[in-house]
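Heads up, the thing below is written out as structure tokens.
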Amino acid sequence: MTATGIGAPVRRKEDQRFVTGQGRYVDDFNRPGQAYAYFLRSPHAHAAIRSIDVGAAQTMPGALAVFTGDDLAADKIGGLICGWMIHSKDGTPMKAGPHPALAQGKVRYVGDHVAVVIAETLAQAKDAAEAIVVDYDVLPAVVDTAEAAKSSVQVHDVSPDNTVFNWHLGDKDATEAAFAKAKHVTKIDLVNNRLVPNPIEPRAALGEYDFGTDNYTLYTTSQNPHVARLVLSAFIGVAPEHKLRVIAPDVGGGFGSKIFIYAEETVCVWAAKKVKRPVKWTSDRTEAFLADAHGRDHVTHAEMATDENGKILGLRVHTTANLGAYLSTFSSSVPTYLYAPLLSGQYDIPAIYCEVDGVYTNTAPVDAYRGAGRPEATFVVERLVEKTARELKQDPAEFRRKNYITQFPHQTPVIMAYDTGDYAASLDKALELADYRNFQARKQESARRGKLRGLGFSSYIEACGIAPSQAVGSLGAGVGLWESAEVRVNPTGSVEVLTGSHSHGQGHETTFAQLVSDRLGIPIDQVSIVHGDTDKVQFGMGTYGSRSGAVGMSAIAKAIDKVIAKGRKVAAHVLEASEGDIEFKDGRFGVAGTDRSLAFGEVALQAYIAHKFSGQDLEPGLKEGAFYDPTNFTFPAGVHICEVEIDPDTGVTTIERWTAVDDFGVIINPMIVEGQVHGGIAQGVGQALLEGAVYDRSGQLVTASFNDYCMPRANDLPSFQVGMTVTPCPSNPLGIKGCGEAGAIAAPPAVINAITDALGHEDIAMPATPQAVWRAAQKARMPMAAE
Amino acid sequence: MATVSLTVNGQSVTADVDPRTLLVQFLRDNLRLTGTHVGCDTSQCGACVVHLNGEAVKSCTTLAVQADAGVVTTIEGLAQGGELHPMQAAFREHHGLQCGYCTPGMIMSAVDIVNRKGPDLDEQTIRAELEGNLCRCTGYHNIVKAVAAGAQAMAEAPLQQAAE
Ligand code: FES
Ligand code: FES
């Protein structure tokens, strides 16, 4: 391992600009003559729009234009789309209601887009918006996930019972048979609480139109600018694909919420041409709470069957998933194919059957949020496994170990073929780091102080490296999920890598350069990573699903291989040797068995000056591209152990220890990987202890600010003990599994298993706030007391 | 319109502003100092923290006119003579940032913590003192390490600290 190669904790190249305030986020861009957009949003969760009078608003100081859904329709701008087709059990396609960028006839959630004002200043746009008169016929709202299908309120005409799909996966008969012969059945009812992603940078969009060239430019806070361009052009129709440049510069966190193509960027590009001015919109935090896609929101009943030896025989799950008022870009895939295929966890479960009902409600759309479906699956499996072990009076670690998959490859009953792993190795290491042996002593010590101590496991698995295109195509995806890369070697030997991945905190400028430095044997400062601009990078699928290492870097590796192959041809000419005799090692092309060699940079120069070979023999230049389509998902897995202490008098839960042992396959930069683990755990702890989006019965979001929605702060979290085990992934050339989502997937059940262990009481909902824990603690103390 | 005159990162500036202009808007829109960020509308996230007369303030909750005649340091003004401030260097060294959006406010808060509490900061103190700054990326683990290390480094480089 070199100081900057694969495996080295290289300090990040991008940090110089971030720590000096020189990062360039969308809102930092300003274009000459730019005007400001402000969206008038629905104050009602559900209402018919009788009329919108924009006359007075149009004459307000500074107002340039006011647009409504009718204006978009007149320009034949299409609605927002959902790019993953799900079919119900009976074979019928999911029921997708219309999703106009600006409301047409109806609003369906608080924050829905009614009209947009474009004005000279933001303050003037806001003032003008107040002068818009909307006549609403307010309708009753449906907000409750479990009640949606029974409600008399109807969100979309296409779905009389608010059901988007009744989907299922697995073998129902085999599962029923497994339960029929079970010695023990454990049952659980779970709510996976609705979360608001809340990257600290709010979304923003800046649209521009050039009348001379007919070119459009959109600066946008996107995790996948090419996907945004494709959707905006091919489906929504705001501009032809080759005339639209999408730039996603520095982006301040995404966690899924910046994958999607939203109303605001659609309107900004379109309006820029209408008003003949660049149009900028920056979300404020309240808007982010109201209208960024939310995450999770499942209601689940699950049962696990075990035999007399405590071996798991079967699992059956019924989940109702709230998809909100409209189907966001990838929403339909999250509670289906990103969820049920993970229900086998790390366990050898012969039979699994899962039913999922997706429902509409009058709430913000729900889509992928860090982990996307996999945290929900892990919560079901790990709560159920823990509860089963407790009911069988078995040690939860040993119960898990007994049921672990140990032979690979392993085909689960729910699609996935796990390629490799060593789950017991991670468990052993985690038990060691967590000092599990002495837990009982610590528990007794807490008890002496009147405190309740508990320990919870989470033995999670996830499917990452999303994803083999053919496989996801057969499951309903509208796109392929490969990645592209182009490696451009300059005559001086420096290298630019153009990647379709997008970095919004992951540190690609460093890790991707480490790969190049390692493979080509050149200093890391000779490598630049270019991403986030559709005019520079030809195409790419972007960053989500822990895919940029396993898929994005594999594409780079493939392109590097082509560069080296071409370099060998060049070197053969220059060194007057046969190509078969040229070896590339430690950054030099040499003739085998001799001391004649050329440095990488010398070969690059020769490739461009092209004096040593004829154009008939070899093309000049050194630049190669590659598309990499993975052969399988990757399966990062690990064991997290959370140890809590609860004060039964206040209900306050303190996390005393956090141990994480993860197998991410080959690691490029351990410093960055550990950082990803920390951040993921924090979001998972947030879900378990603090966060929850709450709508009241009328559909008002009562947690629409950082005052009301409890974000994890430094004082809510401990320092984390992070360890690794490594089984290299056999499904991609670099052996990488991916690490971005693991913490958020592992953490919630670890916390809740620890709290329920401390309380001796299984019934705790997330977020386990002090109030909820205090109530449960009182119940545990006085089991006879009526609630 | 109101006239404000202040010193920002060592430079005198005078401008006519709408009286409702926030300090953060003045910095970002008038002076194009876009290192100071806005992450919320309820004074909760700390992405906007700058120093006004040597103390940390949330520039989203301060009017530009309140800073009249004052001395403001933003993240752009922290590094001196091409060298990173010790706290900036510590954030880079300890991977105290991912997306970088919270980072300017974090660093300005961290410097203020050291100014108030001295260089010997234990983990508990740092976590408690970061109460006003949200980070969604790092889980704070490395931020805490960076602040502790940066505080020590500031003590070893008193000249630079005084340069503010
Ligand atoms: S912008 Fe959030 S506290 Fe100032
Ligand atoms: S580094 Fe992204 S919010 Fe802190």
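General observations
- The A-B contact accounts for roughly 4100 square angstrom of buried accessible surface, both chains included, probe 1.4 angstrom.
- Cβ-based net charge around residue A:364, under 12 Å, with every Lys or Arg adding one and every Asp or Glu removing one: -2
- Shielding score for A:9-19, defined as the mean number of other chain Cβ atoms within 10 Å: 6
- Across the stretch A:278-294, rounded Karplus estimates of 3J(HN,Hα) from the backbone phi angles (6.51 cos²θ - 1.76 cosθ + 1.60, θ = phi - 60°) give x, 10, 10, 9, 10, 5, 8, 5, 4, 4, 4, 4, 6, 10, 5, 5, 8 Hz, Gly and Pro being marked x.
- At q = 0.25 Å⁻¹, base-10 log of I(q)/I(0) for the stretch B:60-133 (Debye sum, equal scatterers on each alpha carbon): -1.34
- Partners for residue A:387 among lysines (Cα-Cα distance below 25 Å; same-chain residues under 8 apart left out): A:172, A:181, A:183, A:187, A:311, A:402, A:429, A:443, A:451, A:779
- Inter-chain Cβ neighbour count for A:23-29, averaged per residue, equals 4 (cutoff 10 Å, partner chain atoms only).
- Where chain A is the region considered: accessible area per residue in Å², 1.4 Å probe: 34 Å²
- By accessible area, using a 1.4 Å probe on protein heavy atoms only, chain A has 51% of its surface on carbon and sulfur.
- Chain B: most fluctuating residue of B:19, B:119, B:86 per GNM, C-alpha cutoff 10 Å: B:19
- Amide H to amide H distances under 5 Å link residue A:215 with A:210, where only residues 5 or more positions off or on other chains count and H is placed in the peptide plane.
- Each other residue within a Cβ distance under 15 Å of residue A:498 adds +1 if Lys or Arg and -1 if Asp or Glu, for a net charge of -1.
- Solvent exposure ordering (accessible area, 1.4 Å, most first) of A:595, A:367, A:696: A:595, A:696, A:367
- Stokes-Einstein diffusion for the stretch A:649-731 at 25 °C, viscosity 0.890 mPa s, with a Kirkwood radius from C-alpha pairs, works out to 159 µm²/s.
- Lys-Lys pairs in the stretch A:482-628 that are eight or more residues apart or on separate chains and whose Cα atoms lie under 19 Å of each other come to 14.
- Rounded to the nearest 20, the Cβ-based charge dipole of the stretch A:482-537 about its Cα centre (Lys and Arg +1, Asp and Glu -1) stands at 120 debye.
- Kyte-Doolittle at least 0.5, axis length at least 24 Å by Cα - qualifying DSSP helices, chain A: A:742-759
- Within 10 Å of the Cβ of each residue in A:675-685, the mean number of Cβ atoms contributed by other protein chains is 5.
- Using θ = phi - 60° in the Karplus curve 6.51 cos²θ - 1.76 cosθ + 1.60, the 3J(HN,Hα) couplings for the stretch A:339-346 round to 10, 4, x, 9, 6, 7, x, 8 Hz; x is entered for Gly and Pro.
- The heavy atoms of residue A:734 offer some 20 square angstrom of accessible surface to a 1.4 angstrom probe.
- Cα-based reach from residue A:274 at 25 Å (exclusive), listing lysines while leaving out same-chain residues under 8 positions away: A:76, A:106, A:126, A:243
- Scaled against 2.2 N^0.38 Å for its residue count N, the alpha carbon radius of gyration of the stretch A:333-383 is 1.23.
- Of the solvent-accessible surface of the stretch B:2-136, computed with a 1.4 Å probe over protein heavy atoms with every protein chain present, carbon and sulfur atoms account for 43 percent.
- Principal axis analysis of the Cα atoms in the stretch A:65-168 yields extents of 53, 29, 20 Å, listed in decreasing size.
- The average projected area of the protein assembly as shown, computed from the convex hull of its Cα atoms over all directions, is 41.8 nm².
- The convex hull built on the alpha-carbon positions of the stretch A:482-628 has an orientation-averaged projected area of 8.7 nm².
- Under 5 Å, built H, 5+ apart or other chain: amide partners of residue A:352: A:171, A:315
- Near residue B:88: Cβ cut-off under 12 Å, other residues only, Lys/Arg at +1 and Asp/Glu at -1. The net charge is -2.
- For the stretch A:191-211, a drop of 40 Å² or more in accessible area on going from the chain alone to the assembled protein chains (1.4 Å probe) is found at A:200.
- Cα shape, the stretch A:241-347, gyration tensor, a/c 1.5 rule: prolate
- Cα-based shape type of chain B, given that a ≥ b ≥ c are square roots of the gyration tensor eigenvalues and the cut on a/c is 1.5: prolate
- Annotation: cysteines of the protein assembly as shown without a disulfide-compatible partner (Cβ-Cβ under 4.7 angstrom) are A:82, A:268, A:354, A:464, A:642, A:710, A:729, A:739, B:99, B:137.
- For residue A:657, the residues whose modelled amide H falls within less than 5 Å of its own, excluding neighbours fewer than 5 places apart on the same chain, are A:643.
- Phi-derived couplings, Karplus 6.51 cos²θ - 1.76 cosθ + 1.60 at θ = phi - 60°, listed residue by residue for the stretch B:144-152: 4, 4, 5, 5, 4, 5, x, 5, 4 Hz, with x used for Gly and Pro.
The values are calculated or read from the model by the stated rules, or taken from the named source; none is laboratory data. Everything quoted here is computed from the prediction, not taken from an experiment. Methodologically, a virtual Cβ is constructed for each residue, glycine included, from the backbone with ideal geometry; neighbour enumeration extends over all protein chains shown. Accessible surface areas use protein heavy atoms only, side chains included; no ligands, DNA or RNA. Shrake-Rupley method; radii C 1.70, N 1.55, O 1.52, S 1.80 Å.
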